[in-house]
Each structure stands twice: as C-alpha cells, then as structure tokens.
Amino acid sequence: MAKHKVIIDTDPGVDDCIALFMAMANPDIDILGITTVNGNVKVEQTEYNARRICEYAWHSGIKVFQGCDHPLKRSVLNAEWIHGEDGLAGQDFGEPANKKSNVHAVDFIIDTIMSSTEREVSIIAIGPLTNIATAFLKEPKIISRINELIIMGGGFNEFGPRGNTTPYAEFNIYADPHAADIVFNLGQRITILPMEVGQQVYADHAYIEKLRDMNLRCAKMAANLLEETAKKLTPMYDKMLAANLSPELGTSLYDPCAVACIVRPELFSGKYGSVSVNTDSRSEKFGMTTFLAGEKRNCLVTYKADKEAFLAFVLEHFRLLS
Ligand code: RIB
Ligand code: CA
C-alpha cells in the first residue's frame, strides 16, 4: 500500500510532540516536511522544538520550516501555562544538529503541493491554522490539489462547555479564528478532530506508566511530557468546571488523534457538513465553531473515538521508536 505523503503543520507543544513521534514511527506515513506556526509557544520556539523532536527520535533528516509568527488579525495567543516556557515541559531534548531553514513554511506548503500530483499530498494541521490560511490566500490552486486536510481543532458540544480556552472556543481556533474561517470555508475534504474527541482519549496515570515501563527513550520522554502537563491540568479541574471550560481528567491526546486519523480513520465516527467560525472579536463567542448540516459537505466532523483501540494504537508506535 502506498504511504500517506504528509506535511504536518504544528506548534510543538507537548501533545504535538506525541503526534510527531507517532508520525515518524508509522510505516505508512511519509513526512515530506514539518511546518511550524505560532501557537502553544512563539513560532521561533515551535520551529526549534520541531527540530529537537526529530533529532531526539533519530529522524533529523525530516525538513522543518518556520511559519507565521502572528495570527491574521487578532493578537498573539500562546499557552506556555500548560506546555511550559519552552513548549516541551522543560524536558531535555538536546540540541538539534540541523540548522534552521530559511524557506518560509507557507512557501514550502505551496511549493510541495504545486509540485506534487493532484491529491498526492495531505496536510495534518495540529496548531492554529495561520499557515494553512495564508497558503490558501497566496496560492488558491493548492486547495483542490490537497488530498486530505486533517485538522485538530474546534469544539461542537451542544450540551456543556464548548471550549478549553474560553467557554466557547478551543485553543487552535481561538488563537486564529480568521484563519480557521478561511480554511473551513474554502477547504475541501477536511476531517476535524475537535476538542471533545481528544478529551475522550486522555492519558491517565496508568497509561503514562505503560509508556514508562516500555523502557524506551521516546516512550519515557512521552511519559515525562504527559506527566508534567497532568501536574498542571489536574489541579485545574474544578477551576475549569467553575469557569465553564471543558475540564480534562488527564492529558488529552488531542494532536495524536489527527495523526491516527489519516492511517486509521475507522477509529473515529463523524458526520458530514460544513463549519462556521465566530470571527467577531467583540463577542464572548469569538472563535466558536458551529457544525452546519446541509448541502455544503466539505467537512467530516468527528464526535467519537474508539478509546481502547486508539490508546493501544498510540502505544504500538512507541514500541517502534528507540
Ligand atoms: O486545544 C488543543 C490544541 O491546542 C492542541 O493542538 C494543543 O497542542 C494546543 O495547540
Ligand atoms: Ca498543537
């Protein structure tokens, strides 16, 4: 079977790191390049982190490109409070040997899609959508050429908290709602793994110990990362509930859902329709995503994960990494 050729657009980021480890380990995924964006931490740090993560997993041959350093219209938003000042929970990944590329991430995305055959390359977007929207606007021809656009983002809970960053908005969308609006409106063949799906497949203490017990470098690093974020999230549970934010029982494996989805789509249940984004910065619902059933069906919005199968699938990848 042909490999899935992918560009991963990311803001590493603890769960981004787990997702990148999985993508490097999976024999059915060919990472053409990693593009980084402002999100969990500043874009210079996300670029540096991506190079460090590749090097740590003995994949320093993967090309990394720095992208947009600020959202299209709103102010810069980061999430050091959960991912740490360095974006990787202060863990020691060592120094990357590779030097930083001077090619902009948006140009890499455009050049790669335009030089590939129609629907040969997919994009896995696990950070704010600034790079993707900018690429769409700069070269609209890429939109129909992308095979699949798999996005971790948004929240569609109709009963209960709809966001993890505000009561109405999930981080990747809230960090750049205007970019998300462009991507969801213009994109084709979009699969969305929203906040509520990632929160179904969280890493609890027992799961973290399974990773640690593998006694493999990347598995132990993943355990350390998840343990550090769980230390911050667990005490926040009641506060998040009180603030009507969607609380987390452990560290939600948000971004790994997007990588799993391209190789094992059957792990997720979804419905077809389109998605609108609230782009009114004066509204309390700024960044809120809404599912629209109807004639426009460019989005598959997932709502359920096969938890046990997914969590086992993630562990399989770490057995393939040193
Ligand atoms: O809301 C979860 C998303 O925001 C994930 O991509 C996580 O890495 C953060 O960027
Ligand atoms: Ca992310």
Percent relative contact order for the stretch 1-103, counting Cα pairs under 8 Å at least six residues apart, stands at 30 percent
Can you give me the long-range amide H partners of residue 253? Hydrogens built in the peptide plane at 1.01 Å from N, cutoff under 5 Å, separation of 5 or more residues or another chain. 201, 202, 203
Place a point 7 Å from Cα of residue 298 in the direction of its Cβ. Which residues in the stretch 128-157 have their backbone N less than 11 Å from it? 143-144
Gain in length, residue 141 to residue 220, computed as 0.36 nm per residue apart minus the alpha-carbon separation, to one decimal in nm? 24.2 nm
Calculated from backbone phi, Karplus (6.51, -1.76, 1.60) coupling profile of the stretch 99-113 in Hz, x at Gly/Pro: 7, 5, 6, 9, 8, 6, 4, 5, 5, 5, 4, 4, 4, 5, 5
Relative contact order for the chain using alpha-carbon pairs under 8 Å, separation at least 6, rounded to a whole percent? 20 percent
Relative contact order for the stretch 62-107: what percent, with Cα pairs under 8 Å and sequence separation of 6 or more? 64 percent
Between the stretch 157-175 and the stretch 8-24, how many Å separate their Cα centres? 21 Å
Restricting to DSSP loop positions (anything but H, G, I, E, B) with no more than 13 other Cβ atoms inside 10 Å of their own Cβ, which trypsin sites (Lys or Arg not before Pro) remain in the stretch 54-113? 73, 99, 100
Taking θ as phi - 60°, what are the ³J(HN,Hα) couplings along the stretch 119-136 by the Karplus curve (6.51, -1.76, 1.60), each to the nearest whole Hz, with x for Gly and Pro? 6, 8, 10, 10, 10, 10, 10, 10, x, x, 8, 4, 4, 5, 5, 5, 5, 4
Of all C-alpha pairs within the chain, those more than 32 angstrom apart amount in percent to 18 percent
Pairwise centroid distance, computed over Cα atoms, of the stretch 38-94 with the stretch 200-217, Å: 23 Å
Over its Cα atoms, what ratio of radius of gyration to 2.2 N^0.38 Å does the stretch 173-322 give? 1.16
Taking the stretch 243-322, which trypsin sites (Lys or Arg not before Pro) meet the DSSP loop condition and have no more than 12 other C-beta atoms within 10 Å? 282, 296, 297
Any chance you could list the semi-axes, whole Å, largest first, of the equivalent ellipsoid that the Cα gyration tensor gives for the stretch 92-226, using √(5λ)? 29, 23, 14
Mind checking which lysines have their Cα closer than 18 Å to the Cα of residue 138? Skip sequence neighbours fewer than 8 apart in that chain. 73
Once phi is turned into θ = phi - 60°, what whole-Hz ³J(HN,Hα) does the Karplus curve with 6.51, -1.76 and 1.60 give for every residue of the stretch 7-24, x standing for Gly and Pro? 10, 9, 9, 8, 10, x, x, 5, 6, 4, 4, 4, 5, 5, 4, 4, 5, 5
GluC sites (Glu not before Pro) restricted to the stretch 102-168 and DSSP loop, no more than 10 other C-beta within 10 Å: 118, 158
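The numbers here are math on the coordinates, done by the rules we state, and not lab data. The shown structure was predicted, so the numbers you read here are calculated from the model rather than taken from an experiment. Here the Cβ is made from the backbone with ideal geometry for all residues, glycine too, and neighbour counts use every protein chain on show.
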